[in-house]
Amino acid sequence: MERNLLKHRGVLPVIVTSQFFCTSLWFAGNAVVPDLIKVFGLPPHFLGYLTSCVQLGFISGTLVFAILSVADRFSPSKVFFVSAIIAASCNSGVVVCDISVPAILLLRFLTGFFLAGIYPVGMKIVADHYEQPGRSLGFLVGALVLGTALPHLLKNIGTHFSYEYVFAVTSVLALAGGMAVFFMVPDGPFRKKGQRLSFSAFRGSFRNTELKAAAFGYFGHMWELYTFWAFVPVMFATYNVRYPDGHINTPLYSFLIIASGALSCAGGGILSRKFGVKRTAVVCLSLSGICCMVSPLFLFVPNASHLLAFLFIWGMAVVADSPMFSTLVAQHAPIASRGTTLTLVNCIGFSITIVSIQLLNTYTATIDPRYIYMLLGVGPVLGLLALYRYRSGKVGSSPISQ
């Protein structure tokens with residue numbers, strides 16, 4: 001059973017809220033891409049470059065954090081705090097007057113770099129406080145989803161403000177989140193201080209069939225997730241061109257569809273206590289894969305409500321398995337290198353997102369937009385094949401996955 005939440009009832013809400021505030025930095029640029037394209041005279045596919053810069057920064061950050069074993073050697077709360085301060089500073093740098101496009105891309109890269117000290121370190125903090133973190137990680141990933149969606153809502157609210165408004169607000173929120181963790185979240189009772197990174201130990205931990213299968217399932221999930229999030233506004237823009245009379249509010253519905261995944265993350269974490277983590281992950285990954293394959297049937301239906309209903313379902317399915325995979329990786333990673341293992345698995349997963357984002361970015365002009373999102377189905381299929389090899393019945397039914 002999960003440790004009694006009443007013994008540290010303030011910890012989880014603080015971590016979840018702080019994660020929500022800090023991860024709002026992630027898609028701050030995506031929400032204002034139309035403004036950036038207009039102001040700087042950029043091509044439409046700038047979205048792919050901007051998103052990939054953040055992802056590449058995150059990948060670089062996770063690799064550096066892993067090599068230095070930062071999350072295992074130092075207090076995770078302090079790492080979270082310092083990373084939040086620096087990431088917020090880089091994010092706010094975009095509001096500087098007369099900034100150039102290369103400078104924007106560099107700042108987005110640096111923001112992604114220090115997000116590596118926020119998202120995986122937040123998971124590490126939760127795992128240090130809760131011996132069986134399945135439900136808690138569900139809330140944490142739900143906070144990531146809401147944070148990712150928030151810039152689209154800010155853009156909708158501040159329609160008449162310049163793009164700098166979104167960067168400024170998300171930076172302030174990230175500062176608040178970092179300080180909250182620093183002052184209110186101590187090191188957890190299950191934390192075991194690690195030493196420097198041992199690549200031989202990491203390779204050895206991956207001989208664990210359960211850990212390897214969970215990681216590869218996560219990689220398949222990541223092929224789809226961030227590319228879907230990045231291209232939701234593109235789906236609406238394409239639809240509005242085809243059906244101008246049924247105009248869809250792109251910022252508002254992009255927020256709602258991405259944010260809907262927060263509900264499925266929390267719900268999936270609760271359901272996993274009854275049905276098991278692996279089984280829940282399989283169902284969610286299967287549903288999102290089906291959405292990829294049937295997307296041509298819904299993307300250009302004349303009735304906008306049908307499109308919205310489909311995207312809401314896809315938005316919930318596409319991320320519901322994320323806390324499940326994080327839980328499985330955390331449970332089967334060596335305790336002394338849990339933070340490093342989570343960070344490295346994140347690093348590989350986000351590397352995969354760059355490939356899928358750039359693939360769609362490259363072929364949007366040559367492949368019929370009705371069919372292009374079927375390419376995202378490759379990830380869930382490969383992820384399910386990996387989970388099929390996950391033969392240990394204990395993980396799906398024992399208390400550790402409840």
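Where a number appears in this text, it was derived from the coordinates with a stated rule and is not lab data. A quick note: this is a predicted structure, and the numbers were derived from the prediction, not measured. Positions of Cβ are generated from backbone atoms using ideal geometry, with glycine treated the same way; all protein chains shown enter the neighbour counts.
Seen from residue 235, the other residues with C-beta closer than 13 Å to its C-beta sum to a net charge of +2, counting Lys and Arg as +1 and Asp and Glu as -1.
Over every Cα atom in the chain, the radius of gyration and the widest Cα-Cα span, Dmax, amount to 19.9, 61 Å.
Is segment 134-186 rounded, prolate or oblate when judged by the Cα gyration tensor, a ≥ b ≥ c being the square roots of its eigenvalues, rounded requiring a/c under 1.5 and prolate requiring a/b larger than b/c? Cα axes put segment 134-186 in the oblate bin. When 129, 221, 45, 332 are arranged by Cβ crowding within 10 Å, least crowded first, meaning fewest neighbours, the order is 45, 332, 129, 221.
Within segment 231-258, which residues have the backbone N less than 17 Å from the label spot 7 Å out from residue 305 along Cα→beta-carbon, could you tell me? Residues passing the 17 Å test: 246-249.
So, R0 is 41 Å and r is the distance between the beta-carbons of residue 179 and residue 388; what FRET efficiency does that work out to, to 0.05?
The pair residue 179/residue 388 has a calculated efficiency of 0.35.
Sorting the segments 319-328, 373-382, 170-179 by their mean number of nearby beta carbons within 10 angstrom, highest to lowest, gives 319-328, 170-179, 373-382.
You can think of it this way: the chain between residue 293 and residue 365 has 23.9 nm of extra reach, that is 0.36 nm per residue less the Cα-Cα gap.
The aspartates and glutamates within cross-link reach of residue 124, meaning a Cα-to-Cα straight distance under 15 Å and a gap of 8 or more places when in the same chain, are 72, 187.
For residue 252 and residue 40, the FRET efficiency from 1/(1 + (r/R0)^6), where r spans their Cβ atoms and R0 equals 35 Å, is about 0.90. Here the Gaussian network model covers the chain, with springs between Cα atoms less than 10 Å apart; of 246, 41, 158, 41 fluctuates the most. Computed from backbone phi, the HN-Hα couplings of segment 156-167 come to 5, 5, x, 3, 8, 9, 6, 5, 4, 4, 5, 5 Hz, rounded to whole numbers (Karplus: 6.51 cos²θ - 1.76 cosθ + 1.60, θ = phi - 60°; Gly and Pro given as x). For residue 160 and residue 68, the FRET efficiency from 1/(1 + (r/R0)^6), where r spans their Cβ atoms and R0 equals 60 Å, is about 0.85.
Rounded to the nearest 500, the helix-only mean residue ellipticity at 222 nm of the chain stands at -24000 deg cm²/dmol, with each DSSP H run of n ≥ 4 adding -39,500 (n - 2.57).
Exposure proxy shown here: for 118, 372, 270, 15, the number of other Cβ atoms within 10 Å sets the order, fewest to most, as 270, 372, 15, 118.
Relative contact order, whole percent, for the chain stands at 27, derived from Cα pairs under 8 Å and 6 or more residues apart. Label zone of residue 312 (point 7 Å out along Cα→Cβ, amide N under 18 Å): in segment 238-258 this covers 247-258.
Arranged from fewest to most other beta-carbon atoms within 10 Å of their beta carbon, 38, 124, 212 become 38, 212, 124.
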